[in-house]
């Protein structure tokens, strides 16, 4: 019996492929395709934002499908990978036989504000937000704490970090990249754990995430949800969402499930990371159900 094919879309943008994603599949029955998206991993040029948009990546995925010679495949993605999976399905639905998505991010401004503007995730991790905002304001963390307390204006810090990440000074860029990723990694797990991301991966994550979020991922408001409503019942959709995900708040997963009535939504006792055991188990259950 021929294996079923799945393409795995990694997170970030800029996260790079992770072979541990293979744990979500029974490899005796699945042919799994992993690849590095533009600007990260082994793709070249590294960190490049030139011609690096959501729709460039969607075109890359379609070229990959044509290259390996499959008519339909299962599209699997978590976090930013869920965004890309939905964008690909919006353009090439006839080549999608199922969707398995986790930690839903729809590319909406409210989601970016939740993560990069005071009053969202910052309310739950004020000490980490203080470190993050201190770099943006080029002041000591005590000043950033005052920002959290509401004595200074509240704004989305994406634009400020964009200037820092595009600085000609290497030291400035590296410091900004470490702070950008440090904030996200600090709130990614239900039970916080030390971050072991490699420095090169930290830079690609920071630069590419900021690049995409600065442009709203080249998506119009409500675009992905509108497209998702056209997914027919013949295409299974599995949504796995950490109940305590502070990076991609559960409201987006619920909104997606409402847009796709036949979708199977599973909330797990977990945060954002796909490696957390409850989420990993739910993802494996989802892929097994498709066999």
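Please treat every number below as a calculation from the coordinates, not as lab data. Small disclaimer: the values here were computed from a predicted structure and weren't measured. We place every Cβ from the backbone using ideal geometry, glycine too, and count neighbours over all the protein chains shown.
What the table below lists for this structure:
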item	result
Extension gain, residue 291 back to residue 51 (0.36 nm per residue minus Cα-Cα distance, nm)	82.7 nm
Degrees, to the nearest 10: 80-92 long Cα axis against longest axis of the chain	40 degrees
Separation of the residue 258 and residue 19 label points, Cα + 7 Å toward Cβ, nm	4.3 nm
Tensor-based shape of the range 181-291 (alpha-carbon gyration tensor, a/c under 1.5 rounded, otherwise prolate or oblate)	oblate
Per-residue Cβ neighbour rank within 10 angstrom, fewest leading, 74, 158, 197, 279	197, 158, 74, 279
GNM result for the chain, Cα springs below 10 Å: residue of 50, 238, 211 fluctuating most strongly	50
FRET efficiency, 1/(1 + (r/R0)^6) with R0 35 Å, evaluated for residue 138 and residue 216 via beta carbons	0.85
Length-normalised contact order for the chain - Cα pairs under 8 Å, 6+ apart - percent	22 percent
Global form of the range 110-217, assessed from the alpha-carbon gyration tensor, a/c cut-off 1.5	rounded
Relative contact order %, the range 110-217, counting alpha carbon pairs below 8 Å whose residues are six or more apart	25 percent
Ranked list, fewest to most other Cβ atoms within 10 Å of each Cβ, for 70, 237	70, 237
Tilt relative to the chain, helix 170-186 - C-alpha long axis, 0 to 90 degrees, to 10	60 degrees
Extension gain (nm, one decimal) between residue 29 and residue 68, 0.36 nm per residue minus Cα-Cα	12.3 nm
Residues 7, 75 arranged by fewest to most Cβ contacts within 10 Å	7, 75
Cα-based helix-to-principal-axis angle, 277-289 vs the chain, degrees rounded to 10	20 degrees
Length-normalised contact order for the range 1-148 - Cα pairs under 8 Å, 6+ apart - percent	19 percent
